[in-house]
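Read through the structure below, which is laid out as structure tokens, and then see the notes.
Bear in mind that the values in this text are calculations on the coordinates, not laboratory data. Quantities reported herein were computed from a predicted structural model and do not represent experimental measurements. No Cβ is skipped: glycine too gets one built from the backbone with ideal geometry, and neighbour counts run over all protein chains shown.
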Amino acid sequence: MAQAEARVGARRKSSLAVPGWWRGALVVAGKDLRSELRTKDALNASLAFSVVILLLFSFAFDPTVEETRALAGGLLWLVFAFAGALILNRSFARELANDCLDALVASPVSPAALYLGKVAANWVLLMVVQLASLVVFGVFYNAAWTRRLGALVGVVALGTWALSVVGTLFSALTVNLRLRELMLPLLVYPVLIPALLGAIQLTGPLAMGEAPGAGTEVWLRLLVGFDVIFTALALALSEAALVA
Amino acid sequence: MRTKLVLACCLVAAVLLARNLYVMLLELPDEASQGPIFRIIFFHVPAAWTAFAAFVAAAVASALYLTRRDLRYDAFAVAVTEVGLAFAAANLVSGMIWARIIWGIWWTWDARLTSMLVCWLLYAGYLMLRHAVEEPGQRARIAAVFSIVAVVDVPIVFFSIRWWRTQHPQPVVWGGGSMDPAYWQMLFLNWAPLLLLGVAMAAIRIRQERQQREIEALRRLAHSL
Amino acid sequence: MNALELEDVWKFYGDFPALRRLHLTVPQGACLALLGRNGAGKTTLLRILAGLMRAGRGAVRVLGADPRDRAVRARMGVLGHGIALYDELSAIENLVLFARLYGLDDAFGRARQWLERVGLGASAYSLVREFSRGMRQRLAVARAFLHEPEVVLLDEPFTALDDRAVETLQGLLRDAVTEGRTIVLSTHQLREALEPATHVALLVRGRLAFFGERSRQMLEDPGRLYREFGEAG
């Protein structure tokens with residue numbers, strides 16, 4: 001037995017190691033993206049859904065440039081949030097089919113890294129949907145959204161990070177529940193209100209190609225602050241969210 | 001013992017409430033611009049304070065649950081959250097009644113009103129989340145995480161909505177916020193019975209939660225035999 | 001050093017104790033057959049050992065440390081009820097993923113080597129979705145053994161396996177025992193579990209009703225343990 005132990009020990013030294021924190025997160029993110037891109041289930045549904053909502057909004061108000069200017073920010077973020085819920089729901093549902101989540105949690109990847117990897121993957125997928133929705137929005141509503149593309153993408157990226165951070169945490173919490181699909185948006189949207197508020201204020205003018213008015217830095221600060229606070233909080237809570 | 005404590009809480013609350021009602025209805029004068037309806041503030045504002053105190057207590061209990069994994073903390077968290085939700089509802093409804101008299105409308109997207117509604121929805125979500133989980137340990141863990149996220153979110157909600165509303169034409173709540181010291185005093189005096197009532201309600205709910213746990217355990221035991 | 005140590009371990013579902021007062025010490029290199037009826041607490045115990053669940057009370061040590069310790073988890077292999085493979089990824093992608101999660105260098109080579117070992121070399125690039133039940137299970141076994149774990153936890157590994165997968169698994173278990181790995185397998189298929197076992201533990205309603213070395217008698221009459229220590233115990 002001692003001999004056998006020595007043999008296992010020798011093998012261990014040659015190959016076994018705890019993966020780095022960031023590397024673990026990266027591997028998880030890569031896995032999620034590869035998985036999603038292979039089936040495109042959530043991506044397609046989310047894209048189609050965003051087009052449907054954009055279409056429906058054209059009936060909700062008179063889609064002239066004037067009217068659109070007043071509503072652009074709120075309209076876009078409602079589209080992002082609703083379509084995003086489909087992606088976020090899939091994030092942990094994907095792990096459910098064969099009890100994959102158990103294998104991930106039992107692996108030496110830390111729960112925080114596992115969670116962050118999923119946040120990153122969701123962020124990328126959500127950004128794809130948001131940018132595609134912007135294109136559709138520009139066409140449907142004659143908006144010159146490309147004029148301030150840099151700033152607009154920056155704001156959308158910050159808002160989407162907030163959506164991804166909160167959504168992924170709650171996706172992990174609700175994954176084993178009956179009514180999972182219904183619970184997630186119900187929990188995510190109220191928590192997200194400050195971030196949505198900031199993102200809406202900033203996105204409105206930018207999506208119409210206009211400079212954001214005076215006093216909008218406070219919204220940028222709010223958005224960045226929300227991202228920082230909730231990223232830290234969610235990382236701290238990830239172990240409790242993932243390990244029973 | 002516990003029952004006596006609850007009864008004592010209720011009794012003291014009733015006496016205080018009777019005394020406060022006497023003072024506010026018969027001794028304090030009507031407020032100059034708002035008339036008699038102004039008195040609703042003595043319930044409206046302390047109800048909000050009680051609700052926030054409850055939500056903070058729930059978050060502390062939730063954090064304790066996550067570190068100690070003792071279901072008594074979870075029972076405490078759910079009990080005070082429900083009490084907080086009741087007081088938040090009282091705050092909202094009394095605010096709406098006041099708005100109907102003063103502004104002639106039931107609802108306005110005033111900053112505080114909106115924030116309180118968001119707050120109420122957050123914790124209503126907490127209860128719905130609990131409802132969707134069967135196993136007590138899992139339910140406690142999931143709810144605790146959510147409670148902590150919610151309590152961090154509440155102040156951010158209040159600040160952000162205030163910033164948002166100050167950028168828009170704002171309905172006048174009370175001009176400048178200068179209130180007569182006698183009114184201020186009554187605000188705090190009336191907080192005491194509400195808080196005591198909250199404590200009594202939470203205590204009863206905690207006991208119910210404990211009995212529920214016992215029943216569930218017995219049921220499981222019966223199944224395992 | 002002992003591979004597994006449990007000291008006064010309890011696990012509660014609500015107020016109901018699913019595991020009660022467990023004391024258990026498993027030496028390194030042992031193969032423990034964890035027996036018990038449905039609901040006796042086998043899965044709960046394995047999940048606690050795997051670090052998927054916390055014990056309600058008591059101390060759990062795997063390889064001398066807390067099972068939630070990352071270094072310990074790197075030395076553990078777990079195969080639960082589910083196969084824990086992604087249907088939309090290919091066999092090799094699945095194994096490479098887990099090799100990376102366990103921080104192995106040459107993840108690809110390792111994955112390739114294990115695919116050959118469980119007889120799936122020809123299907124390396126097929127999606128798991130297209131696999132038959134038996135192939136999926138063999139791949140799952142490869143996934144659990146891929147990083148050469150010192151402690152292997154298997155929950156009901158023999159249920160729903162086809163003949164070839166049983167053969168593969170038994171071969172791997174025999175190899176693992178000779179290589180000095182520690183194995184815990186829960187099962188109610190007595191014969192398959194008792195054959196490779198060096199130790200036997202019997203859970204009855206959350207209590208450890210019997211723990212000891214596996215004797216020749218047990219092999220000859222696998223039902224005896226249940227009769228002697230079962231419900232009466």
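Measuring between their Cα centroids, the range B:2-78 and the range A:68-90 lie 38 Å from each other. Applied to the range C:163-177, the Karplus parametrisation 6.51 cos²θ - 1.76 cosθ + 1.60 on θ = phi - 60° returns per-residue 3J(HN,Hα) values of 3, 5, 5, 4, 4, 4, 5, 5, x, 5, 5, 4, 4, 4, 5 Hz, with x for Gly and Pro. For the protein assembly as shown, the tally of Lys pairs with Cα-Cα distances below 17 Å comes to 4, considering only residues 8 or more apart or on different chains. Relative contact order of chain C: what whole-number percent is it, with Cα pairs under 8 angstrom and at least 6 residues apart? Relative contact order for chain C comes out at 27 percent. Derived scalar couplings between HN and Hα for the range A:225-230 equal x, 4, 4, 5, 4, 6 Hz in order, rounded to whole Hz, by the Karplus curve 6.51 cos²θ - 1.76 cosθ + 1.60 (θ = phi - 60°), x for Gly and Pro. Inter-chain neighbour count for A:215-227: the average number of beta-carbon atoms from partner chains within 10 Å of each residue's beta-carbon is 2.
Legend: ranking of residues C:Arg216, C:Arg73 from fewest to most surrounding C-beta atoms inside 10 Å; resulting order C:Arg216, C:Arg73. Amide H contacts under 5 Å for C:Val152: C:Gly77, C:Thr182, C:Ile183, C:Val184, restricted to partners 5 or more places along the chain or on a different chain, H placed in the peptide plane at 1.01 Å from N. Report summary: the helix-based calculation at 222 nm, which adds -39500 (n - 2.57) for every DSSP H run with n ≥ 4 and divides by the residues of the protein assembly as shown, gives -22000 deg cm²/dmol. Neighbour counts of C-beta atoms inside 10 Å place C:Asp15, B:Asp70 in the sequence B:Asp70, C:Asp15, starting with the fewest. The relative contact order of chain B comes to 34 percent, based on Cα pairs under 8 Å that sit 6 or more residues apart. A Förster radius of 51 Å, combined with the Cβ-Cβ distance separating C:Trp10 from B:Ala89, puts the computed FRET efficiency at roughly 0.80.
Residues whose amide H lies under 5 Å from that of C:Phe12, counting only those 5 or more places away or on a different chain, are C:Ala18, C:Gly56; hydrogens are built 1.01 Å from N in the peptide plane. Residue by residue along C:68-79, Cβ atoms of other protein chains within 10 Å of the local Cβ number 5 on average. Counting Cβ atoms of other protein chains within 10 Å of each residue's Cβ and taking the mean over peptide B:154-161 gives 5.
Cβ crowding within 10 Å ranks B:Tyr22, C:Tyr13 as B:Tyr22, C:Tyr13, fewest other Cβ atoms first.
Evaluate E = 1/(1 + (r/R0)^6) for B:Glu134 and C:Arg112, where r is the Cβ-Cβ distance and R0 equals 51 Å; express this FRET efficiency to the nearest 0.05. Working from the Cβ atoms, E equals 0.75. Shown is the FRET efficiency for B:Leu127 and A:Glu67, computed with R0 = 56 Å from the Cβ-Cβ distance and rounded to the nearest 0.05: 0.90.
Backbone geometry of the range B:26-32 corresponds, through the Karplus equation with coefficients 6.51, -1.76 and 1.60 at θ = phi - 60°, to 3J(HN,Hα) couplings of 10, 9, 6, x, 4, 6, 4 Hz, x marking Gly and Pro. Each peptide in A:197-209, A:168-180 was scored by the mean count of other Cβ atoms within 10 Å over its residues; highest first, the order is A:197-209, A:168-180.
Taking amide H as placed 1.01 Å from N in the peptide plane, the amide H of C:Ala3 sits under 5 Å from that of C:Val26, C:Gln28, each at least 5 places away or on another chain.
Stretching the chain fully between B:Trp106 and B:Leu218 yields a gain of 35.5 nm (0.36 nm per residue, less the alpha carbon separation). Projected label points at C:Arg227 and B:Val56, each 7 Å from Cα along the beta carbon direction, are separated by 6.8 nanometres. Put simply, when C:137-146, B:120-129 are sorted by average Cβ atoms within 10 angstrom per residue, most first, you get C:137-146, B:120-129.
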